[in-house]
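Remarks on the structure that follows.
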Amino acid sequence: MNTPSLGAEYHSFKENCDAWNDMPMETANPSPAGQKNAAGQDGEENKFVFHSLSEVEAAALPKWLVKNIIVDGAVGQVYGESGAGKSFWCLDLGMHVAHGWTWYGHKTVKRPVRFLVLEGSQGFLLRLRAYKQWARIFGNTPSQKLDGDFEFYVGDLSLKDEAEIKLLAETVPHGALVFIDTQAQATVGLQENTSDLGVAIHNAQKLATLAQCSVVLIHHKGKNLTAGGRGWSGQVAAWDFEIELTGKGRSVREWKVTKSKDGPEGETHGYSLSLIHIEDDEHKPM
């Protein structure tokens, strides 16, 4: 029998506490001691409400969006060197979630997917056409029909602008999986090698809370190939999950779960990019 790690147990406990703190007081039914602390001396609501162990155990446990990799409401990062196929990889993950298909052996929950294309929009649109053609020709999806709730935004986004995050949260369906491509483009104006990046991470978490969604930031690898995504080292601690893509220029590339607060770490899979001739135009094959 596998024994969960202390870290995983703590995170689940914290999630349960958060769930209880978000519940209406009449539903939460706090203990008498909790009732005494529910309001301050001036009658205003006090956010520091404590719950008994039995109350916490009764709260709903976190649910998996992608089993053992992405928990509902998680905020994480997918990073890799240029040419590793980050956009294609995330597009494939998003397609599987949008249709509820099993992905690399991991069950997914069918949810809306929103993909924010913040740079290289023309190239991304070609990649999208190539992906659809690849799925149709090679039968690499459980169904040749791609009809999931998967929508794209092409434009700009600033993760340092809280008002913009609130506006985005109003348009994202609850429970959605949101990709931000790329983290660098969404943090223009912030010093990515300093704790300035914490502002962007905080607002990504705020988006997840407001829209009750999961957020994936697509990022570049740093110069130190063993130190994770480019920029501030403190960002690693902030992510709920982190996935590394490697193998630029190789026929077989690799992705690895380098961090997971709630699931196992170290899981590794190979993947490859196919050369696809785009139909009805003169662009180079992709």
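The values are calculated or read from the model by the stated rules, or taken from the named source; none is laboratory data. Since this is a predicted model, take the numbers as computed values, not measurements. No Cβ is skipped: glycine too gets one built from the backbone with ideal geometry, and neighbour counts run over all protein chains shown.
Does Ala28 qualify as being at pLDDT below 90 and surrounded by 17 or more Cβ atoms within 10 Å (Cβ to Cβ)?
On the way: at pLDDT below 90: yes; surrounded by 17 or more Cβ atoms within 10 Å (Cβ to Cβ): yes.
So Ala28 fits the description; yes.
For the stretch 140-196, taking the residues that are over 17 Å from the mean Cα position of the chain (by Cα) and aliphatic (A, V, I, L, M), the one that is nearest to Ala130 (Cα to Cα) is identified as Leu146. Of all residues in the stretch 84-127, those being part of a loop (DSSP other than H, G, I, E, B), closer than 22 Å to Ser274 by Cα and of a type in the set (A, V, I, L, M) number 1.
Show me the helices (runs of 4 or more DSSP H) entirely contained within the stretch 153-253 in which 2 or more residues are under 30 Å from His99 (Cα atoms), among the β-branched types (Val, Ile, Thr) and touching a Lys or Arg at 6+ places or on another chain (Cβ under 9 Å). Step through it out loud before you land on a result.
Values: elements: 162-171, 183-186, 197-211, 235-238.
It comes to 162-171.
Of all residues in the stretch 161-184, those being at pLDDT 90 or above and crowded, with 18+ Cβ neighbours inside 10 Å number 12.
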